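Data first, discussion second: the structure below is written as structure tokens.
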Amino acid sequence: ITVLQIVKESQQQHGLRHGDFQRYRGYCSRRLRRLRKTLNFKMGNRHKFTGKKVTEEILSDNRYLLLILMDAERAWSYAMQLKQEANTEPRKRFHLLSRLRKAVKHAEELERLCESNRVDAKTKLEAQAYMAYLTGMLRFEHQEWKAAMEAFNKCKTIYEKLANAFTEEQAVLYNQRVEEISPNIRYCAYNIGDQSAMNELMQMRLRSGGTEGLLAEKLEALITQTRAKQAATMSEVEWRGRTVPVKIDKVRIFLLGLADNEAAIAQAENEETKERLFESLLSECRDAIQAVREDLKPDQKQREHSLENDSGKVSNIQYLHSYLTYIKLSTAIKRNESMAKSLQKALLQQQRSEEDGKRTPRPQDLIRLYDIILQNLVELTQLPGLEEDKNFQKEIGLKTLVYKAYRCFFIAQSYVLVKKWSEALVLYERVLKYAREVQSGAGAYSNSLKELPDVQDLITQVNAEKYSLQAAAILDANDTHETESPSQVKDGKPLSERFETFCLDPSLVSKQVSLVHFPPGFQPIPCKPLFFDLALNHVAFPPLEDKVEQKAKSGLTGYIKGIFGFKS
């Protein structure tokens, strides 16, 4: 059996994709029940438990090995579930260690059974690596760093050999497990005494945008502890020519890690990693600002009189708060600018995205990002202690013009899409106005504007867009002045009244097709004529007395005459 593949597929399909260890443990229990029922390997009945062990003699079916593997996975998933719960209930740590020991016991049994001649060499190696992995995790929790490091190294060596022995598709799974345990190995090495391992751990954390799994909490605590030791020697920070003492430990730790975080963002391999690092840095910055605010609260009276009579400067704690706020707003601007660049690249590939059926980014998305950037710049100009800093205000003003130019450009792009040529042309002229103002005032501030988008590239692009806009406007005007052909005129007549005229009417294939007027309208018709028989008064009819029989006389006289044969 392929131990690692079975374990990974089961974990990803039954809860571990979202860190739900309880769901995975339930799956392991259900699968064990199904296997025992299928193999007729039941542990007694409902009234009595009868223990059975898997032996080498019954290994004709590899599902017996799955029984042991699922037992180990169930114990391991329960241990990981308890690890999550132990954050709030420390007593559960003892149960956690007990479950890990149980998992290692099942893994040892699996390794022993795989030594049989009925098992192939690949399964034997995978069983050894699986047992070494669980052993390393148990020793890691016991903080037996040397034993844990030896077990993890053994596991890493086996998986690396397996990765080299098979195809690239099969090697992907083994290499992923090697990457998972590498931070654990470096952490053990650090605790043994290897100081160089700390830098490697921090680089791993920064490259991935944060850690997950067994090492996450320990590594975060270790990095915080290391920075705290370095922070003990940090007593002040200098910003814009003013030195401010730093007495809050959380602020010291944040400022020490600021350069590392910024370097990691600059070296990020993709946008997703960069976004995670930006979020992590902003979260740490917000925590540091909150710590400064809590220190400011009991000093309310001092803050009301924070301006010194002789120099006009704000207090040190207020200036430190302004510095941290500046870092937060600057980081938010960089993050939004990074998102804007990725959206601009997507706009250039718009045609291909439409063919793929994916959602195409629009200029309105960029407009929203630049609105947020401009709002952040407004907040920067209002920071306490920097109102009288002319250079700072001038620098922020130039940055505002740059982002206003880009915002104006994408507003013009959105007007082009709806064929509002005159509005777009006016906005393009406004972009050129902003760009020229930046170029004219950027002489002494060229260093601070290096990180911003290049205004000259924007001017070149706007000039090209203006020419294409004028051409499109002329073509559109010619189209509108042309007489519309009868085939494109829709006069509202129903189909029954325009059989003689060809007309492209899309409504004929819709549900509201107009075929006839219904109900029909009233139409004038002639009245029914009156008949007068005038000839009847001038007609003489022939006599008909000879053809009409006379009526026999009735009464007694007629009856008597009839008896005696008298006839009239």
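At a glance:
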item: Karplus-derived 3J(HN,Hα), 6.51/-1.76/1.60, for each residue of the range 262-271, Hz, glycine and proline x; result: 5, 5, 5, 5, 5, 9, 4, 7, 9, 5
item: For the range 372-388, 3J(HN,Hα) per residue [Karplus equation, 6.51 cos²θ - 1.76 cosθ + 1.60, θ = phi - 60°, Hz, x = Gly/Pro]; result: 5, 4, 5, 5, 5, 5, 4, 5, 5, 5, 9, 5, x, x, 10, 5, 8
item: Estimated FRET transfer efficiency (C527, A471; beta-carbon r; R0 60 Å; 0.05); result: 0.30
item: Label-point separation in nm, S330 to L374, each point 7 Å along Cα→Cβ; result: 2.4
item: Computed E for V509/K420 - FRET, C-beta separation, R0 51 angstrom, nearest 0.05; result: 0.95
item: Amide H contacts under 5 Å for V237, placed H, 5+ residues apart; result: V244, V246
item: Label-point separation, E269 to Q349 (7 Å along Cα→Cβ), nm; result: 1.8
item: Ordering of 325-332, 422-429, 41-48 by packing [mean C-beta count within 10 Å, highest first]; result: 325-332, 422-429, 41-48
item: Accessible carbon and sulfur surface of the range 383-476 relative to its total accessible area, %, 1.4 Å; result: 52
item: Estimated inter-spin distance, Q439 and Q393, nm [label 7 Å along Cα→Cβ]; result: 2.8
item: In sequence order, calculated HN-Hα J values of the range 6-20 (Karplus, 6.51, -1.76, 1.60; Hz; x Gly/Pro); result: 4, 5, 5, 5, 5, 5, 6, 8, 9, x, 6, 4, 10, x, 9
item: If the convex hull is drawn through the Cα atoms of the range 383-476, its volume per residue in Å³; result: 98
item: Descending Cα extents along the principal axes, the range 1-146, whole Å; result: 46, 41, 28
item: Per-pair calculated FRET efficiency, R0 = 56 Å: F518 and E9 via Cβ, rounded to 0.05; result: 0.30
item: For R498, residues with placed amide H under 5 Å, excluding near neighbours; result: none
item: Extended-chain gain in nm, criterion 0.36 nm per residue less alpha-carbon gap, F499 and S116; result: 129.0 nm
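The values are calculated or read from the model by the stated rules, or taken from the named source; none is laboratory data. Nothing here was measured: the structure is a model prediction, and the numbers come from that model. Note that each Cβ is placed from the backbone with ideal geometry, even for glycine, and that neighbours are counted across all protein chains shown. Note: areas computed on protein heavy atoms with side chains; ligands, DNA, RNA excluded. Shrake-Rupley method; radii C 1.70, N 1.55, O 1.52, S 1.80 Å.
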